[in-house]
1. Please specify each residue of the stretch 61-85 satisfying the condition of being in contact with a Ser or Thr (Cβ under 7 Å, 6 or more places away or on another chain) and surrounded by fewer than 13 Cβ atoms within 10 Å (Cβ to Cβ).
2. Would you point out which residue out of A52, A117 is touching a residue at least 24 places away in the same chain (Cβ under 8 Å) and within 22 Å of A169 (Cα to Cα)?
3. So which residues in the stretch 103-129 are touching a helix residue (DSSP H, G or I) at 6+ places or on another chain (Cβ under 8 Å) and over 18 Å from F29 (Cα atoms), if there are any at all?
4. Which pairs do you get when a residue that is closer than 17 Å to P58 by Cβ and in contact (Cβ under 8 Å) with a residue 12 or more places away in the chain, found in the stretch 134-148, comes within reach of a residue that is open to solvent by less than 10 Å² (accessible area, probe 1.4 Å) and among the small types (G, A, S), reach meaning Cβ atoms under 8 angstrom, with the pair 6+ apart or on two chains?
5. Given T91, T81, which one is of a type outside the set (F, W, Y), under 28 Å from A60 (Cβ atoms) and modelled with pLDDT under 95?
6. Mind checking which residues of the stretch 33-49 are open to solvent by less than 60 Å² (accessible area, probe 1.4 Å) and under 19 Å from P80 (Cβ atoms)?
7. E30 passes all but one of (1) open to solvent by 30 Å² or more (accessible area, probe 1.4 Å); (2) under 24 Å from A164 (Cβ atoms); which number fails?
8. In the stretch 124-145, what residues are open to solvent by 10 Å² or more (accessible area, probe 1.4 Å) and touching a Pro at 6+ places or on another chain (Cβ under 8 Å)?
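The values are calculated or read from the model by the stated rules, or taken from the named source; none is laboratory data. Bear in mind the structure is a predicted one, so any value in this text is a computation, not a measurement. Glycine gets a Cβ as well: all are built from the backbone with ideal geometry, and neighbour counts include every protein chain shown. The accessibility values were calculated without ligands, DNA or RNA, using every heavy atom of the protein model including side chains. Shrake-Rupley method; radii C 1.70, N 1.55, O 1.52, S 1.80 Å.
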Amino acid sequence: MKTAITSVILSGFLGCLGMASTISMVPIFEPLSLHGTDVDDAISDIGETLQASVMSRPMALTGAFPEVLVDAIRTPHLVPTNNPNYKVQETNLLVLCNIGISGEIQDNVLQVKLNVADLAIPQDVDLTSRQILKLAILALRKTLDEYHRGQTQPLDVEIGIDGADEAKASLRDLGTKFVITEEAGTN
């Protein structure tokens, strides 16, 4: 009898833990390739016209915020279409080019790492490594801006470029710091 009661209590406790997860619907901005389309996008934030864009899509996420937002920027993205000639199976540049992204709060600063160790740009993607990383940083800023609306405390962000061997050493200078504030967006 004691075992049955313990089992019921334990099941109830574990059930409550399962329901304790909060699922939030949030916009995630991603650096997207426009290859396979007939358009270029003028991206004023990085000062170039490219066959790429930073666009948002809604995602239902759970986990530690804002870290989970950073991870979500690098999710596979098959664009729905009504044109049978559009056969592109992946548009997220981080996925296409094997660039990792991760975030972790350390000392009240969101530390973001862009890992370029396995970076490889497919032939049909007409972009440079620098352009892709700039787009990824722009996607991160826009995602964090949206998340931070209504927050009262600023969010310090530091971005580092990991895995930059000798051939990719010049990419390290894209590391940056910025502050997300509720009033002013990004500074």
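1. Answer for the stretch 61-85, where residues must be in contact with a Ser or Thr (Cβ under 7 Å, 6 or more places away or on another chain) and surrounded by fewer than 13 Cβ atoms within 10 Å (Cβ to Cβ): just T62.
2. A117
3. If the condition is that a residue be touching a helix residue (DSSP H, G or I) at 6+ places or on another chain (Cβ under 8 Å) and over 18 Å from F29 (Cα atoms), then E104, I105, V116, L119, I121, P122, V125, L127, S129 are the ones that fit.
4. Matching pairs, first to second residue: T143/A72.
5. The match here is T81.
6. S33, L34, H35, G36, T37, D41
7. Status for E30: all satisfied but (1).
8. Correct list: L138 only.
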